[in-house]
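See structure below.
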Amino acid sequence: MFQWKSWADASMSWIRRMNQVSKIHWVLRSILFAIIVHVQSLSFADDPKVLTRPADDEVTTKPELGKEEDKSAPANASKVDLFGNQAALDKIKERSDDSVAVRKIYAMIDEFISLKQRAGLLTDQKNSQMEHLREKQKEYQGLETEYATKLGELANIVQRMDRLAPALNLGRNNPQFQEYSRLKIARDGLQATLKQFPQRKQNLPREINSGQNELRKTQQQLIAISKHGYGLIEGWSSVLSVLEYHPRRDAEQIRDRCELKLVEYPNVVPIRTILGFAHLHLNQPDAAVDAFRGSIEDARHDPDFGGMIQERCQLGLIWGYLDLGELEKAGGMIAQRKKATSRDYELIVCEGRLLRQKGQSRKAREAYRRAQRIDKAHPAAYRMAAEILIDENDENTTTIVTLAKMACERDDEGDFRNYLTLAAAYDQSGEIDERDKAIRRAFDVADDASRSVVEERVETLLAAPSSCSVSSP
């Protein structure tokens, strides 16, 4: 008995020692784990990128699967393209060296495209509204006839049901019983439809009136778009005029942009019209005539910009015919246009040029005088009248100088041609110092793209280059 007790006491003592060892082991493990965590935290603290939140422009995204990361992109690309308009920003950078006239044309083209797209959507909406309105009007007009027809159908069904009433006692499988059931369903449906007629008769006029109002709003929006288009033409007539000068570089840029846009938007007629004027400024009358003819043909089928474009195209086409020497065609178009309006400044200037090319200088000067009375602020008629007198070596040099000076005084755009004409007028009157001043002024107002043209015309003006002390500034 004692031995068993001694063995039990020994066993319990061993178990207690093992428990103490286990507790010690657990404590040691906890201490070791704490040490490891502390060491790791110290190593992370040495790297500031770990403990600090990355800036927005440092956040990177992984490329899509199968694509390499674009390392050429700036770190803050997301800020550059904040509104998803990076392409527009690139275009702005490309245009940074463009002239004011070219930027105007680019903006004009984009605006016409936008207007045309809006007009297309509104036209589709208008057509849908008109179709819906016609259906409602047709429904209202045929309402009484429809009511009478439905009433007749109901009477016919009731009569047939009366004849089949005895079949109700024959059972559900009887054909006459089944026919009676079908007629009953049809009768109930017709009765429900007829009950709706009074409400339909009351609602349809309201729906028609509402549809007419919506259609009227859409038509007003289309009219507003057309007016806006007219405003573009009127406000930027200088870039759509045969009387204004555009350097070759500008004209080439405008031509290229128009050709590019026409591939994508062939139904935007004003773009082809602008292309025609670009060809005129590039001394490409054949291409200009083709562009204007195409615009006039397309304008006949364009309800949005057709009217305004035809007027500009006709003037451009007249000038193209004059450049080609097709005086009969130009004269016929001028006569036709004069029937519609006799106070079109550019048209009268075209007529003056036609008469001059025909050798009718006196009539040409009279045409220019009429143009001056229509628009006293535009320089072209004064300059072209002076050029006639210069070419004819007219002895009335005072008049020539006066006309050329009036052209320069009315020149808001800095057209070097006016000052070259003034230089030629002073040259003819023998006022060499004033001539040299006018030549210098022509160089001053000419942009880099036009300077070579000025130099060529100055060389033509000066029979002996040594007689002029002017050098290109």
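The values are calculated or read from the model by the stated rules, or taken from the named source; none is laboratory data. Note that the structure is a prediction, hence the values are computed from the model and not measured. So basically every Cβ, Gly included, is an ideal-geometry build from the backbone, and we count neighbours across all protein chains shown. When the accessible area is computed, the model is the full protein with side chains, heavy atoms only, and any ligands, DNA or RNA have been set aside. Shrake-Rupley method; radii C 1.70, N 1.55, O 1.52, S 1.80 Å.
Data overview
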{"item": "Rounded, prolate or oblate (a/c below 1.5 giving rounded, otherwise prolate when a/b exceeds b/c) for the range 396-457 by Cα gyration tensor", "result": "oblate"}
{"item": "Shape of the range 231-323, Cα gyration tensor, a/c cut at 1.5", "result": "rounded"}
{"item": "Exposure ranking of Glu259, Glu409 by accessible area [1.4 Å probe, largest first]", "result": "Glu409, Glu259"}
{"item": "Cβ-based charge dipole, the range 326-381, positive-most Cα from Ala371, Gly331, Leu347", "result": "Ala371"}
{"item": "Neighbour-limited loop hits for trypsin sites (Lys or Arg not before Pro), the range 125-194 (at most 14 other Cβ within 10 Å; DSSP other than H, G, I, E, B)", "result": "Arg172"}
{"item": "The range 281-371: GluC sites (Glu not before Pro) falling in loop per DSSP and having at most 16 other Cβ within 10 Å", "result": "Glu326"}
{"item": "Per residue accessible area in Å² of the range 188-232, where ligands, DNA and RNA are left out and the probe is 1.4 Å", "result": "63 Å²"}
{"item": "Cα shape, the range 359-473, gyration tensor, a/c 1.5 rule", "result": "oblate"}
{"item": "Sequence of Phe177, Phe197 when ordered by accessible area, the most exposed leading, probe 1.4 angstrom", "result": "Phe177, Phe197"}
{"item": "Portion, in percent, of the accessible area of the range 316-374 that falls on carbon or sulfur, probe 1.4 Å", "result": "44 percent"}
{"item": "Loop-located trypsin sites (Lys or Arg not before Pro) in the range 356-437, at most 14 other Cβ atoms within 10 Å (DSSP)", "result": "Lys358, Lys376"}
{"item": "Heavy-atom surface of the range 311-425, accessible at 1.4 Å and reported per residue (Å²)", "result": "46 Å²"}
